[in-house]
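**Q** One structure follows; several queries about it will come next.
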Amino acid sequence: MNRKHLNKALIAGVIILWVFIGYGIINIVQRPPGVSGQVRTSAPSHVIVEDDTISLLLNYRDPFMTFRLSTHEGVKKSNNSSSGVPVTVVQNVQQIIWPKVTLKGTVISTDGTSKLALISIENRLHLMHQGDIAEEVSLIKLETDSVTIAFKNQTRTIK
């Protein structure tokens, strides 16, 4: 008899617990978008508008954009706006996207007259001498531990 009463009490407790959980889920689902709880705040009676004093010029490539600002040359400030707030106009500066280039190794003859580099361009291997061009990448300078390459009038040194 005692065990039956205990089972009924536990079942009633579990049902009450599931009622609270269900009530919480229903309140979350029926809440309008953007509302994150029961806290209500009042808007300030006055709003202070300040000019933006910080201008971000990033020196790294944004992976989601096809252009970037390389220097301050592409940015112009203009005060010709109807609200009186300075507006920053950004001109598109095309970025040269380099292929994936890695130096796999260099071979230099014992007398130093013949030099050869094994360079991977977009995961394709190329044996190149100084002055050779492969996939629009030209080998400008060949050292024992590094190479200087050019792609669309830009140069880089790879080690």
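**Q** What is the dipole size for segment 106-158, taken about its Cα centre, with +1 at each Lys and Arg Cβ and -1 at each Asp and Glu Cβ, in debye to the nearest 20?
**A** My answer is approximately 100 debye.
**Q** If you don't mind, another one. Could you tally the net charge around ILE158, taking each other residue with its Cβ under 12 Å from the Cβ of ILE158, Lys/Arg +1 and Asp/Glu -1?
**A** Around ILE158, the charge tally is +3.
**Q** THR155 to SER138: extension gain in nm, 0.36 nm per residue of separation minus the Cα-Cα distance?
**A** Taking THR155 through SER138 to full extension adds about 5.2 nm, to one decimal.
**Q** I would also like to ask the following. Using each residue's phi in segment 3-10, evaluate 6.51 cos²θ - 1.76 cosθ + 1.60 at θ = phi - 60° and report the 3J(HN,Hα) Karplus result to the nearest Hz, with x for Gly and Pro.
**A** Going residue by residue, I get 5, 5, 5, 5, 4, 5, 5, 5 Hz, with x marking Gly and Pro.
Rule-based calculations on the coordinates, nothing more; no lab input. Predicted model, so just to flag it, every value in this text is computed and none were measured. Here Cβ is always computed from backbone atoms with ideal geometry, including for glycine, and neighbour counts include all displayed protein chains.
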